[in-house]
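> The structure that follows is given in the form of structure tokens.
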Amino acid sequence: MKRYRRVWVVYRKELVETLRDRRTLIAMVVVPIVLYPVLMVILLEALKTETSRRQAEHYTIAVPDEAHRQWLADVFKRRDDERLARQAAYAQATEAAGEDVDDVEAGFIAHLHADQVTIVVERTRSLWEAVTDQTYHAGILVQPPPDPASPADPINRIIQVIYRDIDPRSEFVYQQLNRVLYDESERIHAVRMTALAEQVYGAGPHDALLQPLRIGGLSTASPEKQFAKIIAMVVPFLLVTMTVTGAMYPAIDLTAGERERGTLETLAVSPVPTGQIVAGKFGVIVTIAMISTMLNLGSMTAMVHVSGLDKLASQTQPSRQAESFLVEQMIAESAADRSSSGTGVSPVDSSGGTGVSPVDSIYDARFSQYDYLQQRQRLEEQAEQKIGFLTTAAPVVLMAMIPFAVLFGGVMLAACSFARTFKEAQNYMMPVMMAAIIPAMIVSYMPTVRLEGILLVMPVANIVVLMRELFLGQYDVSGMGIVLLSTCLYAAAAVTVAAKLYGHEAVLFSDVGSYKTLLRRRFFRPRAFPPVAFALLTVAVLFPVYFYAQSGLISFDSSGARNLTMVALTQVMIFAAPVVVLAWYLKLDLRRTFSIRLPRLWHCFATLLLMAAIAPVSNLLQQIQFAVFPPSEALRDLVMQQALLFGDQPWWAILLVFAAVPAVCEEVLFRGFLTAGLREKMSGLKVAIVVGVIFAVFHISVERILLFTLMGMVLTFVCLRTGSIFPAMLIHVANNGLLLAVQESGWLQGFYGLSGSLDDLGTIPWNVRAAIFVVVFVVGIAMLATRGGDIKEQAGMALPPT
Amino acid sequence: MIEVHELVKVFPTTEGGENRAVDDVSFNVAAGEIFGLLGPNGAGKTTALRMVSGLLTPTSGWVRLNGHDVRVDRETAKRSLGYLTANTGLYQRLSPREVLRYFGLLIGMERTAVDRRIEVLIEWLDMSSFANLRCGGLSTGQKQRTNIARALMGDPPILIMDEPTLGLDVLTNRVVLDFIRAEGTRGKAIILSTHYLDEAETLCDRFGLLHEGALRALGSLAELREQSDRQRLSEIFLHLCGLQEHVLDHGLENGGRGASDAEDCGARSGGSSSDGGVS
């Protein structure tokens, strides 16, 4: 308890001091609360002004003669009239429905209106010249020349629009002219078709004939969700940036700042372990980062709320209302068509009466579309009742930010611990900031990226994508689990490295020694076990490497033999080789680090019992787990794929690659290096739990995480009690090997009462045979628990390394 | 109280070689004794004291404080230690009172005990006028008084002081020296490292002369006088370090404060002193 009290003392003091620091306050409070809304307001205003400016602006278009001028003016006028008529109809419809009439033109899309355009007849110069020397925004030349008197004559024309590509206004006019002229073309098209139809079918409205397809988009997403899509792209990036910025100053100040002001020496001489000091400081950095996140999120929410952005989103957008209106209109029209024609094949007789009820014939279509409208209305009403989207999503996002803050708190602390002065620390912070911001930025530009595959374990990027998925409400729990666990692993490694560096004398006193002592082998003192920081850092680095290797090296295109070799190589090169080399480099006692000693006879008996019983027991655990959490299709597929990939290989190769090699290599890493690193600082139980969890994380299977944790704990326990790595290796081999062999050998199936079939996943084998194996297993464990002991207490192992 | 045994510290140099900053230094300090660790700049005083207080790990040798090995029993050993240097900083944004409270709680004192102790120290060191101001705005003297109070928070039986009077004005200098004397008479084991030799001469009971990492002489003033056949500490120092002629050449012997003299000759003497090993 006293330990934690000291951490608390450090935490409280650092927090008080940090909150009195102007720089921290500026980054943490002023930026989100003052600067941020101001920037947002300026941005919004700029957008609005730009739009309204464009709309208010006057444009000149040059034409070669009066006929051109008249024709173009008519085109603009017709288009304006049409739009006004459409708006009036819409307004009438909404008013009839008892709703408020919105301005359909609201929003940020600019349209070129007739009154904005001055059409000038240019007679003296060529249009090309006149547009080039910026007298006009654009020029129009029609060939053959238009006839304003008959706007739909049967002559086909070519229209050339002359504009300046580099002038945004000129380009705007060009784009608008493009639209306007396209509409005109459509209009002429319609006139001609109507004329044709009248020739063929006689007089009458032929609108239905002319519009074989009318398209109305029906989005099932609530307006809230659509707003969320935008938010989900922008906010994670902003939050990541702001959180890192907020945490930066305290991280520097609490480490390099303390060193620079000469208080570190005093602190180091006080009777408190470095770990506790670092823990307190780390707590403050995470706290400040989270306060920063909260303030930013709060400020954003308030901003969006005040500026009415969320209102805009939670109400129907005008264009969307128009869309709904269009859909309703279409339904009505098609109902009218169908009711009159009966068969609906030809619109020829549509001028006829309205005798038959339309309801039955178009019931289906009508149902779905009315359903849509009702659904939409309901969603809109719901959205209006809520205070705003960000407010409801904020707590979830805050939760997702915690592991991020923890990770970057750790990384920053580690980077700053390395620095001797404030300035030096600021330099180190640059790459750290980049490491946070760039992945976040890249991912926010890739809205289709889902949280899967390598991304799950990619630091920062996984958190950003997770946040986005949380916003959109489409995350899955197993992915979330992997993200959180891997982030915690990285964070733990970062914090331990920070603690290690913080107390190191080369870092503590800038006037003595150099960083070489941290890295050069000849300055290392021989030790028995790896330092905790090294052990954790090693697994943290190996984890993504292993993940990439696993997904990158095995391919379905290459042969099974090649894949087998790759699996084996991955195991050796990633699990075993690095830690053995590292152990040599750190001048560790290899025999003690990797627990290379023969177990006692009594322990050998226990090991044999465990070897015999491990396969059915782990199978039982797996079945229990699958009964509670049924295995996903993905997992079944994976097992099937593995069977397909390696099915044609000889049995001994399969056993070697999937039983023997992993058992040896994984034990070397987890029960050797990692356990050795942890057991100096932790009790046996804690070591078993930590190693178990990390062991499970490495197996990248959220569905079986509990199972792997338990197995990892058992193996760690075996290793700690026997003081030897060999029993754990043997039990590991036995488990993997027997579970593989059961699928091949009928005799083994009978002996263990297991089936090799995938279909039996999740059926718990409750029977006497299973019970016997459980008992054997428990006896084995008990034998280990009663005799022998933690390695530390055994002769020759008691003294700390010198 | 303080036992220092065959202490060695080797630093790597930038050229890839080795620098024996402290070379086989041994001495003991009993309770109630003020031990002066003297030597020019770069002699290894600070490195030695950092090893004694557990800030640096010795390459070989060991230190016991109050019976506890500093490396094995780090926290317990440090608990009996008060540490003070001239360039020890204070937390700029905390007040002296808050600094004292922080360190009091860190060494594991109870809250009420901490408060009582703070009042005692504030009164004793006459700190009440600035006890609640931020440390960033204090004068050098006020800061050093706060530092003394901090070192005394847990009333440790051992005090290690590395150049505690460096850069102080006459008044504060007086305060620091009085405090050291008083603590000595209260039965504490004190190591005082300084290159103000006249200060050391009046304060210390025994001396260790450190030069180029090695202890060249060890003993009381009387013993040193006998060994060197010199009267003043600065003369003894120069003689025992084998620097005499060199310094006389430069006519520096009659300076009031031996500090800068020793410093200069230490810096200039280079490798010429291998002949004068005494300890």
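> Taking θ = phi - 60°, what integer Hz values does the Karplus form 6.51 cos²θ - 1.76 cosθ + 1.60 yield along the stretch A:478-489, in sequence order, with x for Gly and Pro?
5, x, 4, x, 5, 4, 5, 5, 5, 4, 4, 4
> Spelling out what I want: for every residue of the stretch B:222-236, take phi, set θ = phi - 60°, compute 6.51 cos²θ - 1.76 cosθ + 1.60 (Karplus), and round to whole Hz; glycine and proline get x.
The phi angles translate into 4, 5, 5, 4, 5, 4, 9, 6, 10, 9, 7, 4, 5, 5, 4 Hz.
> Once phi is turned into ³J(HN,Hα) by the Karplus curve 6.51 cos²θ - 1.76 cosθ + 1.60 with θ = phi - 60°, what whole-Hz value does each residue of the stretch A:253-268 show in order, with x for glycine and proline?
Result, ordered by residue: 5, 6, 10, 5, x, 5, 5, 5, 7, x, 8, 5, 4, 4, 5, 5 Hz.
> Turning to a different aspect of this structure: Go through A:S551, A:S170, A:S150 and list them by solvent-accessible area, largest first, probe radius 1.4 Å.
Greatest to least solvent exposure: A:S551, A:S150, A:S170.
> Rounded to the nearest Å, what's the spacing between the alpha carbon centres of the stretch A:562-595 and the stretch A:133-148? Just the number, please.
The stretch A:562-595 and the stretch A:133-148 have Cα centres separated by 78 Å.
> Give the B-A buried accessible area in Å², both sides summed, 1.4 Å probe, nearest 100. Could the numbers behind the result be given before it?
Values: alone 13060 and 40670 Å², together 50030 Å².
Protein heavy atoms only, the B-A interface buries about 3700 Å².
> Beyond 36 Å, how much of the Cα-Cα pair distribution for chain B remains, as a whole percent?
That tail contains 17 percent of the Cα-Cα pairs.
> Still on this model: Using amide H atoms built in the peptide plane, which far-off residues or other-chain residues are under 5 Å from A:I162 H to H?
So A:I162 has HN proximity to A:G139, A:I140, A:L141.
> Is the C-alpha gyration tensor of the stretch A:57-205 telling us rounded, prolate or oblate? Criteria: a/c under 1.5 is rounded; beyond that, a/b larger than b/c is prolate, otherwise oblate. Before the final figure, lay out each step's value.
Details: a/c = 2.72, a/b = 1.26, b/c = 2.16.
Note, shape of the stretch A:57-205 comes out oblate.
> Separate question: Give me the one-decimal nm value for the distance between modelled label points at B:V120 and A:I402, 7 Å along each residue's Cα-to-Cβ direction.
Reported label-point gap for B:V120 and A:I402 is 4.4 nm.
> Which one of A:A73, A:A88, A:P168 is farthest out on the positive end of the charge dipole of the stretch A:57-205, using unit charges on Cβ (Lys, Arg +1; Asp, Glu -1) and the Cα centre as origin?
Projecting each Cα onto the dipole axis, the largest value belongs to A:A73.
> Too long at a 28 Å Cα-Cα cut-off: which of A:K500/B:K9; A:K423/B:K78; A:K281/B:K188; A:K281/A:K681; B:K45/B:K188; A:K13/A:K423?
Beyond 28 Å: A:K423/B:K78; A:K281/B:K188.
> Can you tell me the FRET efficiency between A:V628 and A:S551 if r is taken as the Cβ-Cβ distance and R0 is 25 Å, rounded to the nearest 0.05?
0.35
> Can you tell which of A:Y201, A:H137, A:V180 lies farthest toward the positive end of the dipole of the stretch A:57-205, using +1 and -1 charges on the Cβ of basic and acidic side chains (Lys, Arg; Asp, Glu)?
Checked the options; the winner is A:Y201.
> Take the alpha-carbon centre of the stretch A:266-291, take the same for the stretch A:68-89, and report the distance between them in whole Å.
Each part reduced to its Cα centre gives a spacing of 72 Å.
> With the contact rule set at Cα under 8 Å and sequence spacing of 6 or more, what percent relative contact order holds for chain B?
The value is 24 percent.
> Moving on. With r as the distance between the Cβ atoms of A:K587 and B:E75 and R0 = 22 Å, compute the FRET efficiency 1/(1 + (r/R0)^6) and round to 0.05. Show your work: numbers first, answer last.
On the way: r = 26 Å, r/R0 = 1.20.
Using R0 = 22 Å, I get an efficiency of 0.25.
> If amide hydrogens are placed 1.01 Å from N in the peptide plane, which non-local residues have theirs closer than 5 Å to the one on B:A214?
B:D23
> If you don't mind, another one. For the stretch B:1-54, what class follows from the C-alpha gyration tensor (a ≥ b ≥ c being the square roots of its eigenvalues): rounded when a/c is under 1.5, otherwise prolate if a/b is larger than b/c, else oblate? Before the final figure, lay out each step's value.
Working: a/c = 3.00, a/b = 2.11, b/c = 1.43.
It comes out prolate by the Cα gyration axes.
> While we're here: With the Cα gyration tensor of the stretch B:45-91 giving a ≥ b ≥ c as the square roots of its eigenvalues, does the rule (a/c under 1.5 for rounded; else a/b larger than b/c for prolate; else oblate) give rounded, prolate or oblate? All intermediate terms of the calculation are to be shown ahead of the outcome.
Numbers: a/c = 2.35, a/b = 1.41, b/c = 1.67.
Since a/c reaches 1.5 but b/c is at least a/b, the shape of the stretch B:45-91 is classed as oblate.
> Only bridges with both residues in chain B count here: give the DSSP antiparallel percent, nearest 5.
Among the beta bridges of chain B, antiparallel pairing accounts for roughly 50 percent.
> Follow-up question, since we're still on this one. Whose amide H sits under 5 Å from the amide H of A:L588, counting only residues 5 or more places off or on another chain, with H placed in the peptide plane?
Close amide H contacts, sequence-distant or interchain: A:R527.
> Taking the Cα centre of chain B as the origin and placing charges on Cβ (Lys, Arg +1; Asp, Glu -1), which of B:S53, B:Q142, B:P164 is farthest toward the positive end of the dipole?
Farthest towards the positive pole: B:Q142.
The values are calculated or read from the model by the stated rules, or taken from the named source; none is laboratory data. Please read these numbers as outputs of a predicted model, since none were measured by experiment. A quick note on method: Cβ atoms are made from the backbone with ideal geometry, for glycine too, and the neighbour counts reach across all protein chains shown. The protein model used for the area step is the full one, side chains on, heavy atoms only, and it has no ligands, DNA or RNA in it. Shrake-Rupley method; radii C 1.70, N 1.55, O 1.52, S 1.80 Å.
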